[in-house]
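Here is the structure we will look at, set down as structure tokens.
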Amino acid sequence: MTETSTDRIEKDIVIRAPRTRVWRAITDFREFGKWFQAEMRDPFVPGALSKGKITYPGYEHLTIEVQVERMEPEHLFSWRWHPYAIDPEQDYSQEPTTLVVFELEEIAEGTRIRVTESGFDKIPLARRADAFRMNSNGWEQQLHNIARYVGDAK
Amino acid sequence: MLATRSSRAEAAALDHTAPVFAALGDQTRLRLVARLGREGPLSISRLSDGSGVTRQAVTKHLGVLAGAGLARGSRQGREQVWTLEAAPLDQARRSLDRISQRWDEALGRLKKSLERG
């Protein structure tokens, strides 16, 4: 089930694995990095900032900063970040953040994860527009690289 | 990853406007946007007819929408006619869609890795 309104994104996914295992995968900074595609340098600790490097293809030059809020073992994990922080030259520290909340629930099939990211209404449209444009450029560049590679490999 | 000069200028211009979603965070304004979207350009008197909202209030709300770049007023004879500007809405929508898609991808990877082992 996916629901999106203007201020928030909501995701709901069932994973056939024990809750303990899922909790570790989202809160251990090394494991988190593998599926989130980021190389985190600092462990997640409530109230602490965890910094890292994006490993998402095409965005490897970008840093990621996650301000951890709450960690309630096997139940709730939340942090804040700048979702459109895609310009390495820009200082985003004074800008509004979005809040990301993971909630875990044990069910018959395994574990249900509910992810909510909220606070988009406070982020200036200019930032979003810029991010979107840059992302599009990024993809165009990727496609260009592929085309060139295929051309060379012929 | 280069923002062109024009996109920077455009972004700077947009920075001065109220966020689109904040402008839409009001029942009356949402209804105005819906009507303009459905019926096309309308005058202030047409917009206030049967809406239960005074002309003054409609004018004020249209001003907020204009400030966010969502509506545009132009004079036609003695009346001011308002038109919906769809581009900022589309842009905001697309940016949210992208983030939503990133989450789907990330959670998909998480699921795959945990269910494999």
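The values are calculated or read from the model by the stated rules, or taken from the named source; none is laboratory data. Computed from a predicted structure; not experimentally measured. Quick reminder, even Gly has a Cβ in these numbers, built from the backbone with ideal geometry, and neighbours come from all protein chains shown.
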Name the residue, out of A:139, A:81, that is at pLDDT 90 or above and aromatic (Phe, Trp, Tyr). A:81
What do you reckon, is residue A:64 crowded, with 18+ Cβ neighbours inside 10 Å, outside any loop (DSSP other than H, G, I, E, B) and touching a residue at least 40 places away in the same chain (Cβ under 8 Å)? no
Take the conditions assigned by TED's automatic domain parsing to the domain that holds residue B:35 and out of contact with any Leu (no Cβ under 6 Å at 6 or more places or on another chain) and apply them to residue B:80. Does it pass? yes
Do we find that residue B:83 is part of a strand (DSSP E or B), more than 29 Å from residue A:101 (Cα to Cα) and modelled with pLDDT of 75 or more in this structure? yes
Taking the range B:64-85 only, how many residues are of a type outside the set (S, T, N, Q), in contact (Cβ under 8 Å) with a residue 24 or more places away in the chain and surrounded by fewer than 19 Cβ atoms within 10 Å (Cβ to Cβ)? 4
Number of the exception - residue A:20 against (1) surrounded by fewer than 17 Cβ atoms within 10 Å (Cβ to Cβ); (2) of a type in the set (Val, Ile, Thr); (3) closer than 24 Å to residue B:98 by Cβ: (3)
Could you figure out which of (1) in a helix (DSSP H, G or I); (2) more than 13 Å from the chain's Cα centre (by Cα); (3) within 11 Å of another protein chain (Cβ to nearest Cβ); (4) surrounded by fewer than 18 Cβ atoms within 10 Å (Cβ to Cβ) isn't true of residue A:34? (2)
Within the range B:36-63, track down each residue that is surrounded by 15 or more Cβ atoms within 10 Å (Cβ to Cβ), without any contact (Cβ under 8 Å) to a residue 40 or more places away in the chain and outside any loop (DSSP other than H, G, I, E, B). B:43, B:44, B:46, B:47, B:48, B:58, B:59, B:61, B:62
How many of the residues in the range A:85-116 are under 21 Å from residue A:26 (Cα atoms), of a type outside the set (Asp, Glu) and either free of Cβ contacts under 8 Å to residues at least 12 places away in the same chain or not in a strand (DSSP E or B) (or both)? 2
What are the pairs, 6+ residues apart or on separate chains, where a residue within the range A:20-32 that is more than 15 Å from residue A:76 (Cβ to Cβ) has its Cβ under 7 Å from a residue that is among the aromatic types (Phe, Trp, Tyr) and outside any helix (DSSP H, G or I)? A:29/A:44
